[in-house]
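S.K.: Encoded as structure tokens, here's the structure I'll be asking about.
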Amino acid sequence: MKRIGLLSDTHSYWDDRYLEYFEQCNEVWHAGDIGSLELAMRLQEFRPLRAVFGNCDGGELRRMFTRELRWNCEGADVLMTHIGGYPGRYDASVRQQIYTCPPTLFISGHSHILKVQYDKRLGLLHINPGAAGLQGWHQVRTLVRFSVDEGQFKDLEVIEIPR
């Protein structure tokens, strides 16, 4: 079993509470718009980091990370990208991959809107952790924690941080 800390859209904004909230996590996953190499390095020094670059990330982050990642985590097939849409409205950049070979878990960021939704048609869980940074119109910053155990997702928690 692995405990995961998931965030997105930090846009270079560091908050020491990331470390506090992810203390019990084995890995941290970042769904893009990291914003700075320094922020990525701080997360990577804290826990193993899996991340994708977002549309606002510059050259250093684009060299360090890819546009999308697909891997197996504790028996779950995970696909993560920054701009991905959501069930029923997947972005064109991932739509064919999702419909041809659906992952168990699809993670995207970009919208700054927290969303956890099950796609019954494809049998996949979609998570957008919202935005952990300050850039944007959102009123509450959000993070997500969950466990992956033998391909199943458990103990999902939403963490809200007031702006």
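The values are calculated or read from the model by the stated rules, or taken from the named source; none is laboratory data. From a predicted model like this one, the values you see are computed outputs, not experimental measurements. Counting neighbours? That spans all protein chains shown, and the Cβs are built from the backbone with ideal geometry, glycine included. Heavy atoms of the whole protein, side chains included, go into the accessibility calculation; ligands, DNA and RNA do not. Shrake-Rupley method; radii C 1.70, N 1.55, O 1.52, S 1.80 Å.
S.K.: Could you rank 41, 1, 80 by how accessible they are, 1.4 Å probe, largest area first?
M.R.: Listed by decreasing accessible area, they come as 1, 41, 80.
S.K.: What order do 29, 137, 14 take when sorted by accessible area (1.4 Å probe), most exposed first?
M.R.: From most exposed to least exposed: 137, 14, 29.
S.K.: If you roll a 1.4 Å probe over the range 116-163 with all protein chains in place, what percent of the accessible area is carbon or sulfur?
M.R.: About 46 percent, which is the carbon plus sulfur part of the accessible surface.
S.K.: Let me ask something else about it. According to the Kirkwood expression over distinct Cα-Cα pairs, how big is the hydrodynamic radius of the range 50-120, in Å?
M.R.: Hydrodynamic radius (Kirkwood, Cα pairs) of the range 50-120 is 12.8 Å.
S.K.: Ignoring ligands and nucleic acids, what accessible area does residue 52 show with a 1.4 Å probe (Å², nearest 10)?
M.R.: Using a 1.4 Å probe on the heavy atoms, I get roughly 0 Å².
S.K.: For 150, 74, what's the largest-to-smallest order of accessible area, 1.4 Å probe?
M.R.: 150, 74
S.K.: Return the inverse of the average 1/r over all pairs of distinct C-alpha atoms in the chain, which is the Kirkwood hydrodynamic radius, in Å to one decimal.
M.R.: 15.5
S.K.: Continuing with the same structure: Suppose all protein chains stay in the model; what accessible area per residue would a 1.4 Å probe give for the chain, in Å²?
M.R.: About 47 Å² of surface per residue is accessible.
S.K.: Here is a further query. Mind checking which of 71, 41, 25 is farthest towards the positive end of the chain's charge dipole, using Cβ charges of +1 (Lys, Arg) and -1 (Asp, Glu) about the Cα centre?
M.R.: About the Cα centre, the residue reaching furthest to the positive side is 71.
S.K.: Using a basic spin-label model with each label point 7 Å from the Cα along Cα→Cβ, how many nm lie between residue 26 and residue 66?
M.R.: 2.1
S.K.: I would also like to ask the following. About its Cα centre, what dipole magnitude does the range 1-86 give when the only charges are +1 on Lys and Arg Cβ and -1 on Asp and Glu Cβ, stated in debye to the nearest 20?
M.R.: 280
S.K.: Give me the percent of accessible area attributable to carbon and sulfur for the range 46-87, probe 1.4 angstrom.
M.R.: 51
S.K.: Here is a further query. Any idea how far apart residue 55 and residue 89 come out in nm if each label point goes 7 Å out from Cα toward Cβ?
M.R.: It is 1.4 nm.
S.K.: In nm, give the distance between the simple-model label positions of residue 13 and residue 150, each being 7 Å from the Cα along the Cα-to-Cβ direction.
M.R.: Placing both labels 7 Å along Cα→Cβ, they lie 4.0 nm apart.
S.K.: To continue, here is another question. So what is the calculated 222 nm ellipticity per residue for the chain, using -39500 (n - 2.57) for each DSSP H run with n of 4 or more, over all residues, to the nearest 500 deg cm²/dmol?
M.R.: Rounded to the nearest 500, the figure is -5000 deg cm²/dmol.
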